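Written below as structure tokens is the structure these notes are about.
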Amino acid sequence: MRIVVLAGGIGGARFLRGLKSAVPDADITVIGNTGDDIHLFGLKVCPDLDTVMYTLGGGINEEQGWGRTDESFTVKEELAAYGVGPEWFGLGDRDFATHIVRTQMISAGYPLSAVTEALCDRWQPGVRLLPMSDDRVETHVAVTLDGERRVVHFQEYWVRLRASVDAEAVVPVGAEQAKPAPGVLEAIAAADVILFPPSNPVVSVGTILAVPGIREAVAAAPAPVVGLSPIVGGAPVRGMADKVLAAVGVDATAAAVALHYGGDLLDGWLVDTADADAVAEVEAAGIACRAVPLMMTDVEATAAMARAALDLAGAGR
Ligand code: GDP
Ligand code: CA
């Protein structure tokens, strides 16, 4: 079975671990969000790709959900001693090595997709991890700070400001000119099932779909498309997805996110049992919907979610 998953960072990575456990023999292609990418200290950092790679490769800091396990921060402290920031983005020593290798390869002319493949040679994530695009896309957020309208990098909004002010607009800068990375459209067209994990619908899955050709390929794919709600009981399970949903005029409810993706994209949608009353509304939009437990408390609970998504996909379009 060929499965394609459009994934952000933590939510996507944890779901993938459950999916691999549920269907160990499946051929899984992950299309990763690169709109979160940021250049720091002259290095190219790809937080979502790395979160997927480290999580599936056994190198993730489990409690945090991002960054390396058994990490130290000597380089960061030394940079701070020079007064060189930003200090709000936590790059550990082990993690730095990944970004140095990536930046070195990119400087040598390799596209991000080839670099990601080379990094995965070490981590063996057990999936084919493709960036959504080899071209630079950077999500920016418009905010008002101290009465002044400003545009900040998504990471500055998310990590430094902790989404404490409203997101007035979310713009994936460069997306319109970006091309899908090699293999992306082919994987979508050849998939037996396409899944949207509980990832951020705006700044993760939404950014991937903003690369011209990807949304169209998903909508046109012969495979059923099934998503899992990242919103449970009217709030994001973790993080501040409600802030970026508000920026695109979508309520933070399981039903509203399904309708935001829409019936032209989704064949099926899973909501948590806490949101069972959303099922009728989603089905009225022509999207098959079931309520099942959607908390990724451990790998077994997550594997059950993955099985429910595959069952719904098999239940037909
Ligand atoms: P990010 O890059 O770290 O934001 O990771 P994602 O893009 O994958 O988004 C994380 C999203 O997944 C957030 O909107 C969370 O609300 C959601 N999420 C996190 N943990 C869970 C969980 O256990 N169950 C469900 N249903 N959603 C979750
Ligand atoms: Ca992310």
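The values are calculated or read from the model by the stated rules, or taken from the named source; none is laboratory data. Since this is a predicted model, take the numbers as computed values, not measurements. Cβ atoms come from the backbone with ideal geometry, glycine included; neighbour counts cover every protein chain shown. When the accessible area is computed, the model is the full protein with side chains, heavy atoms only, and any ligands, DNA or RNA have been set aside. Shrake-Rupley method; radii C 1.70, N 1.55, O 1.52, S 1.80 Å.
Could you tell me which of the residues VAL165, VAL232, VAL250, VAL237 is surrounded by fewer than 24 Cβ atoms within 10 Å (Cβ to Cβ), within 10 Å of ligand 1 (Cβ to nearest atom), more than 17 Å from the chain's Cα centre (by Cα) and of a type in the set (A, V, I, L, M)?
The unique qualifying residue is VAL232.
Across segment 299-317, which residue is nearest to ligand 2 (Cβ to nearest atom) among those that are open to solvent by less than 80 Å² (accessible area, probe 1.4 Å) and not in a helix (DSSP H, G or I)?
Among residues in segment 299-317 that are open to solvent by less than 80 Å² (accessible area, probe 1.4 Å) and not in a helix (DSSP H, G or I), the one nearest to ligand 2 (Cβ to nearest atom) is ALA315.
Per-residue answers, yes or no, for (1) surrounded by 24 or more Cβ atoms within 10 Å (Cβ to Cβ); (2) closer than 14 Å to LEU119 by Cβ; (3) among the small types (Gly, Ala, Ser); (4) within 13 Å of ligand 1 (Cβ to nearest atom):
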residue	(1), (2), (3), (4)
GLY11	yes, no, yes, yes
PHE15	yes, no, no, yes
GLY18	no, no, yes, yes
ALA22	no, no, yes, no
THR29	no, no, no, no
LYS44	no, yes, no, no
VAL52	yes, yes, no, yes
ASP70	no, no, no, no
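List every residue pair whose Cβ atoms lie under 8 Å apart, where the two residues are 6 or more positions apart in sequence or sit on different chains, the first residue falls within segment 144-163 and is more than 18 Å from GLY67 (Cα to Cα), and the second residue, located anywhere, is small (Gly, Ala, Ser) and assigned to a strand (DSSP E or B).
Short answer, once both residue conditions are applied: ARG149/ALA142; ARG150/ALA142; VAL151/ALA142.
Can you work out which of the residues in segment 194-204 that are open to solvent by less than 10 Å² (accessible area, probe 1.4 Å) and of a type outside the set (S, T, N, Q) is farthest from ligand 2 (Cβ to nearest atom)?
The selected residue is ILE194.
Just give me the residues in segment 205-225 being touching a strand residue (DSSP E or B) at 6+ places or on another chain (Cβ under 7 Å), within 16 Å of ligand 2 (Cβ to nearest atom) and open to solvent by 10 Å² or more (accessible area, probe 1.4 Å), in sequence order.
Matches in segment 205-225: ALA210 only.
Report every pair of residues separated by at least 6 positions or lying on different chains whose Cβ atoms are under 7 Å apart, first residue within segment 281-294 and in contact (Cβ under 8 Å) with a residue 60 or more places away in the chain, second within 16 Å of ligand 1 (Cβ to nearest atom) and assigned to a loop (DSSP other than H, G, I, E, B).
Within 7 Å, the pairs are LEU294/PRO198; LEU294/SER229; LEU294/ASP272.
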